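Take a look at the structure set out below.
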Amino acid sequence: MICVSIGRGRHRHMIAEFHHLVDEGAQLVELRLDYINGEVNLKRLLNDRPCPVIVTCRREQDGGMWKGSEKNRQLLLRSAVAEGVEYVDLEEDIAAEIPRFGKTKRIISHHDFAATPGNLDEIHRRLCRLDPDIVKIATMANHWHDNVRILRLIDQSEIPTVGMCMGEIGTPSRILAARLGVPFTYATFHHERALAPGQLSFSQMTNVYNYDLIRPDTEVFGVIADPIGHSLSPLIHNAAFQHFKMDRVYLSFRIPREDLLEFLTDAPDLGVRGVSVTIPHKEAVIRHLTKIDGAVLGIGAANTVIFEGDKSIAYNTDYRAAMNSFDQTMGFVPGSKQPLSSKTALVLGAGGVAKALVFGLKRRGAAVVIAGRTESRAIELAKQFECQTTTWERRHTVKCDILINGTPVGMHPNVDETPFDQNYLRPNMIVFDTVYNPEQTLLVKQAREKHCKVISGVDMFVSQAALQFKLFTNQEAPIELMREQIKRATGAAKL
Ligand code: NAP
């Protein structure tokens, strides 16, 4: 079950959000009395309540907004119990002051906004001695493994425990706890108004992650990155899982560089069966896996890891997706001459995506010239794959059949930028922009005006995700559905 926290300054706004949430399917709501400006009218908030509530009133030291006296705060909590609220949240130090009464269930809570402390078990034992119906522990995750520690605590606890890590690194714990049968998890009314760091909105929890359908044997997938930003991968993979009614969920894991090995070690025990890999882990991840696909070895980077028993296997679907896009655009028929073999490609950028493309182009016999903003990086890449280089300033002088943008130039919000002057675009040139947000970059628009053949970043993104989906599930991906999701999401990003 999801408990949605509401914190509003005015009673009427709190009540309106409460009713709206219940209309949207919420079954439990936390009323954060500390957010109310001025005197709290408890009866007004609780009368005719459309679903059970948790009443909480947090002090500043526990991450709350309460400005009144401690005496008045405890009076308010006692009154809530007297009113017969379904749950009251009591911090460890006041739990003994507010005795059990009537049918109100007691949540005894502990918050640590700085870290997930070493003595987690001891804190839990202390809370369990304070007559709880439910124990709640929320701690800040500074390392990936903090999630695992909190999940183990939930798993081993005899008293129902709602445990979660806060912060972006801790967000997975809020969803993975569902596999352990926690009584509920917390979500916020709106994703831009989180009441605790790393909290997801009710809509994200239900529509993206399908939280209420997660069971102990739900298979877990995800993307590992740092920063995680607004990755579109959870949106499209979860939509695809839901389309086929698969018992699978796809999460965003923010994994700092130094935590990568620990994540790979922990993942199988948490039910993780596969992950997409992105910046900064694409190269480093290879060192820690048991099996590496040939393309990964050639490129030196992986974007997918599959866990199978005690094996972890690396793949690179970026490379395959990019080559599939060329095959489609150039009308390649297996068994016929590879059309790329007689072509010259100019690749802008010398980072991860450029590397995957250069590997594929060279493998298919194309001549490749690399232009990088940092010349040394371009030279290094060219050496690895026996290509030519030119300086960034002289890129327009290269006579090429194919132009590839492997830089982020033109990406949202810098949509008025292009890495290549339109005066040098020629009809029938193939222009491949790897940027996928927006799909219609300035480069793509200008290339279409000049009658070039265009491959967009969305084509490649959907194709690499579809290949990952196949690796995750052994089933063909619902490509059109994935494309729709990404178009809708990137369209929204422009507003
Ligand atoms: P990366 O490893 O950080 O490499 C970025 C490259 O772009 C570097 O060579 C960098 O040059 C260059 N660059 C950055 N800003 C530049 C600027 N203002 N002018 C000129 N060059 C610039 O990143 P990546 O993973 O390769 O990603 C690059 C792009 O590909 C991103 O837009 C990403 O969204 C896109 N991508 C798309 C897909 C897809 O499926 N469509 C998949 C992966 C990536 P320096 O070395 O000088 O920093």
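The values are calculated or read from the model by the stated rules, or taken from the named source; none is laboratory data. Source: prediction; values computed, not measured. FYI the Cβ positions are ideal-geometry reconstructions off the backbone, even for glycines, and counts take in every protein chain you see. For the accessible areas, the whole protein counts, side chains as well, though only heavy atoms, and no ligand, DNA or RNA atoms are used. Shrake-Rupley method; radii C 1.70, N 1.55, O 1.52, S 1.80 Å.
Identify the single condition in (1) open to solvent by 40 Å² or more (accessible area, probe 1.4 Å); (2) within 16 Å of the ligand (Cβ to nearest atom); (3) not charged (D, E, K, R) that Gly309 does not satisfy, given that it satisfies every other one. Evaluating Gly309 over (1) open to solvent by 40 Å² or more (accessible area, probe 1.4 Å); (2) within 16 Å of the ligand (Cβ to nearest atom); (3) not charged (D, E, K, R) leaves (2) as the failure. Scanning the range 465-484 for residues that are away from the ligand (no atom under 14 Å from the Cβ) and either basic (Lys, Arg) or surrounded by fewer than 21 Cβ atoms within 10 Å (Cβ to Cβ) (or both) turns up Lys470, Leu471, Thr473, Asn474, Gln475, Glu476, Pro478, Glu480, Leu481, Glu484. Within the set Lys383, Lys399, the sole residue that is open to solvent by 80 Å² or more (accessible area, probe 1.4 Å), farther than 23 Å from Arg320 by Cα and either away from the ligand (no atom under 11 Å from the Cβ) or β-branched (Val, Ile, Thr) (or both) turns out to be Lys399. Mind checking whether some residue in the range 428-442 is assigned to a helix (DSSP H, G or I) and within 16 Å of the ligand (Cβ to nearest atom)? Yes, the range 428-442 contains at least one residue that is assigned to a helix (DSSP H, G or I) and within 16 Å of the ligand (Cβ to nearest atom).
Filtering the range 377-408 to residues that are acidic (Asp, Glu) and more than 24 Å from Pro339 (Cβ to Cβ) leaves Glu380, Glu393. Screening Thr391 on (1) within 15 Å of the ligand (Cβ to nearest atom); (2) under 33 Å from the mean Cα position of the chain (by Cα) shows it passes everything except condition (2).
The single residue among Ala321, Ala295 that is outside the structural domain of Glu258 (by TED's automatic domain parsing), open to solvent by less than 20 Å² (accessible area, probe 1.4 Å) and not acidic (Asp, Glu) turns out to be Ala321. Candidates are the residues of the range 405-422 that are more than 10 Å from the ligand (Cβ to nearest atom) and farther than 19 Å from Ile486 by Cα; the one that is least open to solvent (accessible area, probe 1.4 Å) is Phe420. Here the range 81-107 is the region considered, the condition is being open to solvent by less than 10 Å² (accessible area, probe 1.4 Å) and assigned to a loop (DSSP other than H, G, I, E, B), and the residue that is farthest from Cys51 (Cα to Cα) is Ile98. The helices (runs of 4 or more DSSP H) found entirely in the range 242-330 that carry 2 or more residues being among the acidic types (Asp, Glu) and farther than 21 Å from Glu476 by Cβ are 260-266. Within the option set Ala302, Ala350, Ala314, being within 28 Å of Phe263 (Cβ to Cβ), within 14 Å of the ligand (Cβ to nearest atom) and within 25 Å of the chain's Cα centre (by Cα) holds for one residue only, Ala302. Hey, can you tell me all the residues within the range 364-380 that are more than 15 Å from the ligand (Cβ to nearest atom) and under 33 Å from the mean Cα position of the chain (by Cα)? Residues satisfying the conditions do not exist here. From the residues in the range 185-219 that are in a loop (DSSP other than H, G, I, E, B) and among the aromatic types (Phe, Trp, Tyr), which one is farthest from Tyr35 (Cα to Cα)? Step by step, filter the range 185-219, then rank; the result is Tyr209. With respect to Asp48, is the statement that it is open to solvent by 40 Å² or more (accessible area, probe 1.4 Å) and either more than 23 Å from Met205 (Cα to Cα) or outside the structural domain of Met65 (by TED's automatic domain parsing) (or both) true? When the stated conditions are applied, Asp48 passes them.
Exactly one residue out of Phe244, Phe221, Phe253 is modelled with pLDDT of 95 or more and either β-branched (Val, Ile, Thr) or open to solvent by 50 Å² or more (accessible area, probe 1.4 Å) (or both): that is Phe244. Sort out which residues of the range 443-464 are of a type in the set (Gly, Ala, Ser) and either near the ligand (Cβ under 8 Å from one of its atoms) or not in a helix (DSSP H, G or I) (or both), and write them in order of number. Ser456, Gly457, Ser463 - these are the residues of the range 443-464 that are of a type in the set (Gly, Ala, Ser) and either near the ligand (Cβ under 8 Å from one of its atoms) or not in a helix (DSSP H, G or I) (or both).
Gln61 versus (1) modelled with pLDDT of 95 or more; (2) within 20 Å of Gly7 (Cα to Cα): which is the lone unmet condition? Going through the list (1) modelled with pLDDT of 95 or more; (2) within 20 Å of Gly7 (Cα to Cα), Gln61 breaks only (1). When restricted to residues that are surrounded by fewer than 23 Cβ atoms within 10 Å (Cβ to Cβ) and in a strand (DSSP E or B), the range 140-182 contains 2.
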